[in-house]
Amino acid sequence: MSVSIRRVPFVSQYSTQAGAPKTEDQQQDKTAKEAEQESHENNIEKELGPLARRLEEATEEALFTGGRAGRRAVEDAGFSEELKERLLNKIADANFKSENANAFAAVGLSLTAGEGTRHIASAQAWTGEEGTADTVLRMLDDAKKPLATGLRGKFQPSPVDMRLQKQPRRSAGEKVAKARDKVNTYVGMGGQQAKNGMSEDEKEAWRKELRERFEPGARALPNSITGLAALANERIENAIARGQFKNIPRGKGIERDARADNPFIDTTEYIMNKMIQRQDIVPPWIEKQQEVAKELGIFRARLRNDWRRFAARMIASRGGSLQEQIRRAEEYAAAEEVHNPIIRKNADGQVEEIKAASPVVGRPFRDSAWEQTEAAYLKLSIERLNALTRSYNLMAPDLAKKPYFSLERELKACFAEVAPTVAREIQERATGGKARSLGGGGQTGKQTGLLEALTGGGDVKVHVEAQEKAYGLKEWWRDVWKKN
């Protein structure tokens, strides 16, 4: 039983396209033969049964996937030369079509296909490795990260005035003056200069320079890396001989902002930010933060100073020698460390409590009368700090917002920090040490005599008002005898 395989006209066209050019008669004869052969194959195919078609498919599969073994099996099967030729041509056409799959896909697209569809059809298939062009493009994209869509600056063309404008009218004097200037310029050129403004000597020098520049071998450039290096060294040596490297400034390199040449940052935004930085202008929420920090520092300094002075006076008022008073203050400080340890943050930002080495039996120093006396002032201060913090949180971003203040928490922190310093305060008060003012500062106290105490040992500051605001004996006498 002979097996016949139908030849596809489209594939046979590519299999025979490598031949020599043919005349029109030969092409017509070929077309007629192909049509006749195709009709004959169609008739044969119609007569083939299921088994013959299955054998045909198995033969084609063996030729496509079997390689040399498949071809040898076809030869051993005893097929005719015509059938072998058709099978081999079909294999060659299939290989050609697989190698040029992009071209076949692009040709097979409809005319209504878009540009994106054509680009995808003609693109190279992924081979598992990144191409050089794709690598370079990815490196360029990674070097400058594009900004978000909302941050990109939009191009705004400047408005163009399309209205017709009249030429400004000139007076007769201006016209005469301009005409006189043109005449003087034309006359001053003289006969030595030509129409292009160059004299004969200048023209000759220009021709000589052009001849030297464009003559054969005048501008020969090296074609190798060594020649380029030699040319560069020669130019550098010539520049050194001319003294161009003598006045080069030395020292630290110029600091350049990496964002200055970033194409994804708006130029106007970058310039405005640099101007704000140079002028030391800060955002409103930063100014509010400084105000909150200043008010908080004043409040805590005054609270700690008042409590330190009060605790020192109360402990000293119980009597005893100076050493007993200091020992009593140290016992209170040790009890404070047990009942109210100082809470601080370590270098890692974790909160840790500083506790006493050995627990001490006793209670820390407290005074309810002082707390009741200062309660009104402390509540008003905390309310003011919370109001400032509230207005600050409305301006600041989420990561910079601050918690509100509590009077109980501030008093505990004050007692814990002041307790270790009460003993030193008692000693300084007894020995005439520092005399602190309300804010914690002051001048060093010293022993003064009776005359210095009455007259004052320090500099006296006299506030002199304006002359029209002065009120002396003359003004008093006038007011006494003034009617009504």
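The values are calculated or read from the model by the stated rules, or taken from the named source; none is laboratory data. Note that this is a predicted model, so its numbers are computed, not measured. Here the Cβ positions follow ideal geometry from the backbone for every residue, glycine too, while neighbour counts run over all protein chains shown.
Residues of region 393-414 being of a type outside the set (Asp, Glu) and within 14 Å of residue 341 (Cα to Cα), which ones?
409, 411, 412, 413, 414, listed by residue number.
So that you can scan it fast, the table gives a plain yes or no per residue for (1) within 30 Å of residue 260 (Cβ to Cβ); (2) of a type in the set (Ser, Thr, Tyr); (3) in a helix (DSSP H, G or I); (4) at pLDDT 75 or above:
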site: 98; (1), (2), (3), (4): no, yes, yes, yes
site: 109; (1), (2), (3), (4): no, no, no, yes
site: 112; (1), (2), (3), (4): no, yes, no, yes
site: 142; (1), (2), (3), (4): yes, no, yes, yes
site: 158; (1), (2), (3), (4): yes, yes, no, yes
site: 162; (1), (2), (3), (4): no, no, no, yes
site: 165; (1), (2), (3), (4): no, no, no, yes
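Please pick out the residue among 299, 310 that is within 30 Å of residue 421 (Cα to Cα), at pLDDT 85 or above, in contact with a Lys or Arg (Cβ under 9 Å, 6 or more places away or on another chain) and not basic (Lys, Arg). Spell out how you get there, then give the answer.
Details: 310 fails: in contact with a Lys or Arg (Cβ under 9 Å, 6 or more places away or on another chain).
The unique qualifying residue is 299.
Table: residues versus (1) surrounded by 10 or more Cβ atoms within 10 Å (Cβ to Cβ); (2) over 30 Å from residue 375 (Cα atoms); (3) small (Gly, Ala, Ser).
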site	(1), (2), (3)
246	no, yes, no
256	no, yes, no
270	yes, yes, no
280	no, yes, no
294	yes, no, no
298	yes, no, no
316	yes, no, yes
335	yes, no, yes
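Need at least 3 residues that are surrounded by 10 or more Cβ atoms within 10 Å (Cβ to Cβ) and modelled with pLDDT of 95 or more per element, so show me which helices (runs of 4 or more DSSP H) inside region 349-464 make the cut, counting only ones lying wholly within it.
Details: elements: 368-395, 407-418, 422-431, 450-455.
Fully inside region 349-464 and qualifying: 368-395.
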